[in-house]
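First comes the structure, then the notes that go with it.
The values are calculated or read from the model by the stated rules, or taken from the named source; none is laboratory data. What you see is a predicted model; the values in this text were computed from it and never measured. Neighbour counts are summed over all protein chains in view; Cβ atoms, including those assigned to glycine, are modelled from backbone coordinates with ideal geometry. Note: accessible area is taken over every heavy atom of the protein model, side chains too, but ligands, DNA and RNA are not part of it. Shrake-Rupley method; radii C 1.70, N 1.55, O 1.52, S 1.80 Å.
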Amino acid sequence: NIKIWVLTGDKQETAINIGFACALLDNDMTLFILNEPNLELAKATLKKAFLAHEKLNDAQKKRCAIIADGPTLRFILENKEMKMAFLKLGKLCKAVVCCRVTPGQKAEVTRLVKDNENKICLAIGDGANDVAMIQAAHVGIGISGKEGLQAVQSSDYAIAQFRFLQKLLLAHGHWNYRRVGRVITFNFYKNICLYMTQYWFGIYNLYSGQSLYESWTQSAFNLFFTSLPIIAYGILDQDVSERGLYAFPQIYSIGQNKLLFNPRTFRDWLSNALVHSAVCFLIPLFVNISITTRDGQEGGLFGMGAYVYTAIVFLCSGKVFLMTRTHNKISILSIVLSIFAWFLWLLIYSLVILSSQDLTVWKLGYFVLPSPSWWLTAILLAPFFALLRDFAWRSYKDIHRNLPVVEARKVEKENRWDEVEQKAKAQDQADAKAALAASSTSPLKSPKSSGYAFAGGVSNDKGKTDWEQRLDVVSVEEMRKLSRSNPTLDVQKSNPTTNGQAQKKDIEEQEEEDKKRDERERERQKKGVSSSSKYKDDEKDREKHKHHSHDDKDKDRDRKRKRD
């Protein structure tokens, strides 16, 4: 579900080679080249690209890419209608490669996607020319390297190499999304659980305004008794290991679809907190209507509050325990320390009488701790019944719901990584064969073709275009020449290896170039040009006219036979 757009300042041929080198492009993909010198031709080319895309079958539509250069991109970005059409076509394609673009154009393309799509836009770069693009995106990532630290200083995250982007997104991205979403909702949950018990107590005391808890004890709830478990969860918890996230990339869609932090999720946590607060208040209330010791002393108002408060502390700790998927020493220790802090507070604080403190708190801990009803209701019954539904729901999801996260945990538990990786590899091969078979049956494709090509349509005597007559193009350089020579754009896949007509045309072009080179050599000899400068000029000519095809050796042999 991640769309990749490459914005580079390199020339078109280099950008295409980069796309093939990083597996963003392949020989079975259909490429739409947008390379026009003026606005009218750019409009016509963009329109032809849409028409060509509509002629493709479903499998081919998923394997398309756009190659656009800087001048054409300038015309597109200046026209609102063309800009939106370019964005629409980019969404239909698997990848977009923009070459010969300026830093300003990089930022404009980034803002185009960011402002018109309800998606998170991420930009990554390694040089000063990428700063504008990084700042324009929702999330900017800078790479520290030979290009300097300008990109790193302007980014949100910094990495050392491009390959670390996979771990940053698929692993840390998923973990942090889950942690942050749960930490936010849990903080609302625990405060609702505590303070809604005050509301239930208000119904019981006819809304007299009396508080159920002592003020300092109530203030220490978030700081001492419920903070450590959720902090440990937010730092260390991992629902799936890194290897599992790589083996099941569909898990990443949880964050893309906002499944863990949305209005519905918040509503579920809110309703859960209301039910839990009622359980933690009503069970101590009805089980211990009259709290007395063996010598007949009563605990009073704050004695009842200590029962409910203890149930809430154990409830919040148990909730974090159920949420945690990676139990380790730190997570367990944080829960134990939080509960121990509450016990310590009961023993020590109830012996300290402040000037503003009610005398009913005096020795409150020594009253509730020896009471069997306190251990039964506040520590066992109330948290147990409150968390019973949560435990049942989690067990149901883990057993009966076939979710990618659950499947990854099963594979990790049973150590079946080799089997999963073999299935994924076989599935990739099957998908590639299906795409190739679908493209071979396309009405726009020659039965013998298997590569990639572009052809500018030039009408002939029969009213057909070149790509309808000849469905193969030899090289990227020739594609580029054809796309520049004609404003219309038609796209066709082909085999760049064996086509006699294309090779014949290549040979004729090469012969003309050889004749021109011989004439230049004779002129240099007449003018007394040194052999070294002649050699340098010849080298430049060879580099300039060098073909970027997959069968250069075969073509050279054919050219030698022709000259002989």
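Quick look at the numbers
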read-out: Tabulated pairs, segment 153-171, first under 18 Å from Y252 (Cβ atoms), second among the hydroxyl-bearing types (S, T, Y) and open to solvent by 100 Å² or more (accessible area, probe 1.4 Å), C-beta under 7 angstrom, 6+ apart or interchain; value: L168/Y157
read-out: Flag if I67 is closer than 20 Å to M133 by Cα, touching a Gly at 6+ places or on another chain (Cβ under 9 Å) and outside any helix (DSSP H, G or I); value: yes
read-out: Residue in segment 124-146 that is among the aliphatic types (A, V, I, L, M), part of a helix (DSSP H, G or I) and touching a Phe, Trp or Tyr at 6+ places or on another chain (Cβ under 8 Å) present; value: no
read-out: Residue within segment 21-35 that is modelled with pLDDT of 90 or more and in contact with a His (Cβ under 9 Å, 6 or more places away or on another chain) present; value: yes
read-out: Odd one out for N116, checked against (1) touching a Leu at 6+ places or on another chain (Cβ under 8 Å); (2) in contact (Cβ under 8 Å) with a residue 40 or more places away in the chain; (3) polar (S, T, N, Q); value: (2)
read-out: Residues being of a type outside the set (D, E, K, R) and closer than 18 Å to N57 by Cα - total across segment 90-105; value: 4
read-out: Qualifying helices (runs of 4 or more DSSP H) (wholly inside segment 282-368; at least 3 residues being at negative phi, at pLDDT 85 or above and open to solvent by less than 20 Å² (accessible area, probe 1.4 Å)); value: 300-323, 329-349
read-out: Residue within segment 84-97 that is touching a Ser or Thr at 6+ places or on another chain (Cβ under 8 Å), farther than 27 Å from K55 by Cβ and part of a strand (DSSP E or B) present; value: no
read-out: Complete set of residues in segment 52-70 that are free of Cβ contacts under 8 Å to residues at least 40 places away in the same chain and either open to solvent by 50 Å² or more (accessible area, probe 1.4 Å) or farther than 18 Å from E36 by Cβ (or both); value: E54, K61, C64
read-out: Residues satisfying the stated conditions in segment 109-141, i.e. surrounded by fewer than 21 Cβ atoms within 10 Å (Cβ to Cβ), more than 23 Å from R63 (Cβ to Cβ) and among the charged types (D, E, K, R); value: R111, K114, D115
read-out: Residue count for segment 71-107, restricted to those that are surrounded by fewer than 17 Cβ atoms within 10 Å (Cβ to Cβ) and either of a type in the set (S, T, Y) or in contact (Cβ under 8 Å) with a residue 60 or more places away in the chain (or both); value: 2
read-out: Residues located in segment 155-165, provided they are open to solvent by 40 Å² or more (accessible area, probe 1.4 Å), within 28 Å of N116 (Cα to Cα) and modelled with pLDDT of 90 or more; value: D156, Y157, A158
read-out: Members of segment 385-397 found to be over 11 Å from I283 (Cα atoms) and either open to solvent by 20 Å² or more (accessible area, probe 1.4 Å) or among the hydroxyl-bearing types (S, T, Y) (or both), listed by number; value: L387, L388, R389, F391, A392, W393, R394, S395, Y396, K397
